[in-house]
1. Residue 394: modelled with pLDDT under 95, over 17 Å from residue 27 (Cα atoms) and not in a strand (DSSP E or B), yes or no?
2. Take the residues in region 149-167 that are among the small types (Gly, Ala, Ser) and either touching a helix residue (DSSP H, G or I) at 6+ places or on another chain (Cβ under 8 Å) or buried (at least 16 other Cβ atoms within 10 Å of the Cβ) (or both); name whichever of them is farthest from residue 369 (Cα to Cα).
3. For region 116-137, what are the residues that are part of a strand (DSSP E or B) and not β-branched (Val, Ile, Thr)?
4. Would region 220-234 turn up any residue that is at pLDDT 95 or above, touching a His at 6+ places or on another chain (Cβ under 9 Å) and either closer than 13 Å to residue 110 by Cα or not in a loop (DSSP other than H, G, I, E, B) (or both)?
5. Can you pull out the residues in region 235-286 that are closer than 30 Å to residue 380 by Cβ and assigned to a strand (DSSP E or B)?
6. Give the residue, chosen from 368, 337, that is of a type in the set (Val, Ile, Thr), assigned to a loop (DSSP other than H, G, I, E, B) and surrounded by 15 or more Cβ atoms within 10 Å (Cβ to Cβ).
7. Spot the failing condition for residue 381; the list is (1) surrounded by fewer than 15 Cβ atoms within 10 Å (Cβ to Cβ); (2) of a type in the set (Asp, Glu); (3) within 19 Å of residue 25 (Cβ to Cβ), and only one is missed.
Amino acid sequence: MNSSQHSSNEVPPPALHSRLPAVGTTVFTRMSMLAAQADAVNLGQGFPDFPCDRSLIDAVTGAMQADCNQYPPMSGVPALRAAIAAKIATLYGQQYGIDDITITAGATEGLTTAILCCVHPGDEVIVIEPVYDSYVPAITLAGGTAVCVQMDMRASGYTVPWAKVAAAVTSRTRLIVINTPHNPTGSILRGSDMHALSDIVRGTNILVLSDEVYEHMVYDGQRHESVCRHPELAARAFVVSSFGKTYHVTGWKVGYVAAPPALTAEFRKVHQYNVFSVNTPMQHGIASYMDDPQPYLQLPAFYQRKRDLFRAGLAASRFELLPADGTYFQCVRYEKISTQTEAAFAEWLTSEIKVAAIPVSAFYRHGIESGIVRFCFAKQDATLALALARLATL
């Protein structure tokens, strides 16, 4: 009997009661697989198709050759944490010590660990829909309940209805999760949003989890409104960011979380038994690379040019462009093209037009339909040109 065959009397494994019974394969995995099968231009999953700076590769290679290959400190290499603290102080004015910064295995680990360290069974966590897909499963694993508040959609784009957020707060609310710049909508929070959030949490024990992985992708001269700019919020917040997004190395899965000492202490209790530590030579390489701030300071102009190129190419199509103030995503309405559901339209677009997109309905817990799909423009100009030529056939 070969390894692919099974005995007729083989004992089945014990039944397993799923911790995430409503969760299947992510939409990003499904659409990327379909794109590969259809030989489509993949504007679905959010990753660049161009290389990172070779000097960053050299810095990591140098760290490997210098034998920086054993376990780093659980909280992260001190030089990298110091570089992050200095960057936050320079850009946003918030003073974190290096002991307030923890290096994580990507932003997703940071987000999940933050939720697991503070959410208990029976707690409620407010999330804003459309919502990045890792938040709700992490809340479920912690035994909490996700309370979803839907963004308002106007001609000016998506906005957070803070009155509805305030109305969703109960005595069980433990955490509010925000995301700016926002995936998938490309919207950004502004100073007025942060003031509204401050009004909601003031005088409570509610914590804030701020997902800021696209912090360096804000356009048209607007500023990134980090929680770190607002001391009242920073005092109760876990702030998450990602080197993968900033330095075009999503496969490295290196991120960080900044938080006040009491929150950091609880965060690390979970982090140390989750991943313990993060790739050592990459931490040393990134720390060295951060000596030059230009790569992240120039990122808004780099991606704004791609955004404008992509928007100009779509302007003559039957897609309706929604505002894209941040991230590297562009949302479009397709009602003049099709009456299909978002998932069906995205699959048709991938299989027949050979351009992959993500249905925004996938970012709603109950699959709410808006007739909108999301494209990623973090691609080479040639890739965007090929996708635009195919979309023009619509």
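The values are calculated or read from the model by the stated rules, or taken from the named source; none is laboratory data. This structure is a prediction, so every number in the text was calculated from the model and none was measured. Methodologically, a virtual Cβ is constructed for each residue, glycine included, from the backbone with ideal geometry; neighbour enumeration extends over all protein chains shown.
1. Yes.
2. Per the criteria, the residue is 166.
3. Selection gives 124, 129.
4. Checked against the condition, which is being at pLDDT 95 or above, touching a His at 6+ places or on another chain (Cβ under 9 Å) and either closer than 13 Å to residue 110 by Cα or not in a loop (DSSP other than H, G, I, E, B) (or both), region 220-234 yields no hits at all.
5. 240, 241, 242, 255, 256
6. So the residue among 368, 337 that is of a type in the set (Val, Ile, Thr), assigned to a loop (DSSP other than H, G, I, E, B) and surrounded by 15 or more Cβ atoms within 10 Å (Cβ to Cβ) is 337.
7. Result: residue 381 passes all but (3).
Here is a yes/no grid of residues against (1) touching a residue at least 12 places away in the same chain (Cβ under 8 Å); (2) outside any strand (DSSP E or B); (3) in the same structural domain as residue 180 (by TED's automatic domain parsing); (4) under 19 Å from the mean Cα position of the chain (by Cα):
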residue: 31; (1), (2), (3), (4): yes, yes, no, yes
residue: 35; (1), (2), (3), (4): yes, yes, no, no
residue: 63; (1), (2), (3), (4): yes, yes, yes, no
residue: 80; (1), (2), (3), (4): yes, yes, yes, no
residue: 84; (1), (2), (3), (4): yes, yes, yes, yes
residue: 87; (1), (2), (3), (4): yes, yes, yes, no
residue: 114; (1), (2), (3), (4): yes, yes, yes, yes
residue: 139; (1), (2), (3), (4): yes, yes, yes, yes
